[in-house]
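Below is one structure; the comments refer to it alone.
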Amino acid sequence: MSDGGGPDPVGTLRARLAAAEERIGRQRAVVDGIVASVRGENVDDEHDPEGATLAWERQQAAALLAEAERERDALRAALGRVEAGTYGVCEVCGRAIPAGRLEARPAATRCVEHAR
Ligand SMILES: [Zn+2]
């Protein structure tokens, strides 16, 4: 690939993507495990305190799973932008996103000014 002097983001993005995918797999197993145990014990969410705990745990696990999936999608999109040659460019103002910010958040699509 090009040797323009700046750090190559692809390695970082791929490593983070692999980590996110691993987290998704693990988190899916957790969610499935909780679902299975809820079914197995045939608990009543509303009246059984253990059922309520399991429901809460399932919700937390599902939230973590969704977060990992969002991260995976963002990283895939970032890799796509590398290929398209638009990686590291703010999607709002079109200026370069500072290297420090990309180091902290490799999938960032906006500069600090337009981050929200
Ligand atoms: Zn911007």
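Just so it is clear, none of the values below were taken in a lab; they were calculated from the coordinates. Keep in mind that what you see is a predicted model, and the values were worked out from it rather than measured. Glycine also receives a Cβ, built like all others from the backbone with ideal geometry; neighbour counts cover every protein chain displayed.
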Rounded to whole Å, give me the distance from the Cα center of the stretch 45-84 to that of the stretch 8-25.
16
Positive end of the charge dipole of the stretch 9-104 (Lys, Arg +1 and Asp, Glu -1 on Cβ, about the Cα centre): tell me which of 61, 25, 15 has its Cα farthest that way.
15
For labels at residue 91 and residue 76 in the simple 7 Å Cα→Cβ model, what's the distance in nm?
1.5
Apply the Kirkwood formula to the chain: the hydrodynamic radius equals the inverse of the mean of 1/r over all pairs of different alpha-carbon atoms; give it in Å with one decimal.
16.5
If I model a spin label as a point 7 Å beyond the Cα along the Cα-Cβ vector, how far apart are those points for residue 59 and residue 28 in nm?
2.5
Amide H within-cut-off set for residue 89, under 5 Å, with H built and near neighbours excluded
97
Contour minus Cα-Cα distance for residue 19 and residue 84 (0.36 nm per residue)
21.1 nm
Compute the acute angle (0 to 90°) between the alpha-carbon long axis of helix 9-41 and the principal axis of greatest extent of the alpha-carbon atoms of the chain; round to the nearest 10°.
10
Test item: Cα-centred dipole of the chain, Lys/Arg +1 and Asp/Glu -1 on Cβ, debye
740
